[in-house]
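Bear in mind these aren't lab numbers, they're just calculated from the coordinates by the rules spelled out. Everything quoted here is computed from the prediction, not taken from an experiment. Every residue, glycine among them, receives a Cβ derived from its backbone with ideal geometry; neighbour counts consider all protein chains shown.
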Amino acid sequence: MCTAISYLCSDHYFGRTLDYEQSYGEEVVVTPRGFLQGQYALLGIATVREGMPLYYDAINEKGLSMAGLLFAGNACYFPPRAGAKNIPSFALIASLLGECANLSEARRWLEDCVITDQPFSADLPPSPLHWMVADRSGALVVESTAAGLKVYENPIGVLANNPPFDQQLTRLADYQHLSPENPAPSMGLPLYSRGLGAVGLPGDYSSPSRFARAAFAKQNLRPAQKETERVGQFFHLMGAVEVPKGCLRVEGADAYTLYTSCANTDRGIYYYTTYENRRISAVMLMGKESGNTLRRYSLGRKQDMGCIL
């Protein structure tokens, strides 16, 4: 249960919600050049296991971004294939962002890619995921299904979970008549409320509904001028799809938005909030990141609240 959005407003912003019923110790992680095989430094949220960052979403120093979202029931990975670029699902984000500078390079990189079913370890089997890759030029969706690897152009710049992306995009036509403007009165009836132009926009937490709601909110988001205003707008945009505790239960446990991110990919700044702390925090890529040590920052799990007396 997650939603990802790519948004161009002077600078390019990329963010996502992580909606799940438990944490795996995720933290903000900077991977320097040379730490992995790739040539570019990475910044995002990952779980670090055995010294390796397993990224949920990240940006690289060139402005390319990527996020993995749950795709249960449709994701299908394969054994390694001779002559192909065989990438375990857990390494796809770090591998692609480490080697590709932009979306054009990512398209070519994916052409001979096989996402393999290799687990990271016995206690970390492959997660069923699909991915969105984006920069300021556009966005792609990457899905490995029983039919093979599919790479879709994503003109909406939004991704949720199931169904497969082409079906999500088709269903979006059901909402193309919606508007932020109130309709004109008809049949002599009064307009009893503001917001009637968006009647029919789904408000539940299912994947298709979050996809439609995010697309509508993004399309109508008011552009801002300053960085602080743009970041604030983006977090309000992501707020349209965040899940409060108690509103979604999975096998008796609350699934909720563990964190929300907003990365300025042009400036290399990764902003985030957590469910417990609504204060926006930020980590930056510091120029030429290199070396053999990860930079790691714990996510804030306690509300940092100002007080005016």
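Considering only 124, 185, 80, the residue lying farthest towards the positive end of the dipole of the range 74-188 is 80, judged by Cα position with unit charges set on Cβ.
Take every pair of alpha-carbon atoms less than 8 Å apart whose residues are at least six positions apart; their mean separation over the length of the range 1-46 yields a relative contact order of 28 percent.
From least to most packed, judged by other beta carbons within 10 angstrom and beginning with the fewest, 115, 87, 156 follow the order 156, 87, 115. Using R0 = 22 Å, the C-beta based FRET efficiency linking residue 145 and residue 86 works out to 0.80.
Report note on the peptides 52-64, 161-173: ranked by the mean count of other C-beta atoms within 10 Å, highest first, their order is 52-64, 161-173.
Placing +1 on each Lys and Arg Cβ and -1 on each Asp and Glu Cβ, with no other charges, gives the range 1-115 a dipole about its Cα centre of roughly 340 debye. Using the rule -39500 (n - 2.57) for each DSSP H run of four or more residues, divided by the residues of the chain, the 222 nm mean residue ellipticity is -4500 deg cm²/dmol. Computed over the range 23-135, the P(r) tail beyond 22 angstrom holds 28 percent of alpha carbon pairs.
Remark: 284, 66, 187, 1 ranked as 187, 284, 1, 66, counting other beta-carbon atoms within 10 Å and listing the fewest first. Each Lys and Arg contributes +1 and each Asp and Glu -1, all at the Cβ; summed about the Cα centre of the chain, the dipole is approximately 540 debye. Charge tally around residue 252: other residues with Cβ under 15 Å, Lys/Arg +1 each, Asp/Glu -1 each, net -1.
Only Cα pairs under 8 Å and 6+ residues apart enter the sum, and on that basis the relative contact order of the range 195-309 stands at 14 percent.
Taking every C-alpha pair closer than 8 Å and separated by at least 6 residues, the mean separation divided by the residue count of the range 19-146 gives a relative contact order of 25 percent.
Once a ≥ b ≥ c are taken as the square roots of the eigenvalues of the Cα gyration tensor of the range 138-223, is the result rounded (a/c under 1.5), prolate (a/b larger than b/c) or oblate (a/b not larger than b/c)? Note, shape of the range 138-223 comes out prolate. Amide H to amide H, with H built 1.01 Å from N, residue 139 comes under 5 Å of 154, counting only residues 5 or more places away or on other chains. Projecting the Cα atoms of 167, 221, 3 onto the dipole axis of the chain, where Lys and Arg carry +1 and Asp and Glu carry -1 at the beta carbon, places 221 farthest toward the positive end. This ranking places 136, 213, 108 by how few other beta-carbon atoms lie within 10 Å of each, fewest first, which gives 108, 136, 213. Which of rounded, prolate or oblate describes the range 193-263 when judged by the alpha-carbon gyration tensor and an a/c cut-off of 1.5? It is oblate, given that a/c is not under 1.5 and a/b is not larger than b/c.
To the nearest 20 Debye, how big is the dipole of the range 208-309 about its Cα centre, given +1 on the beta carbon of each Lys and Arg and -1 on that of each Asp and Glu? Intermediate values should be presented prior to the final figure.
Values: 16 positive and 9 negative charges, 17 e Å.
Using Cβ point charges on Lys, Arg, Asp and Glu, the range 208-309 gives about 80 debye.
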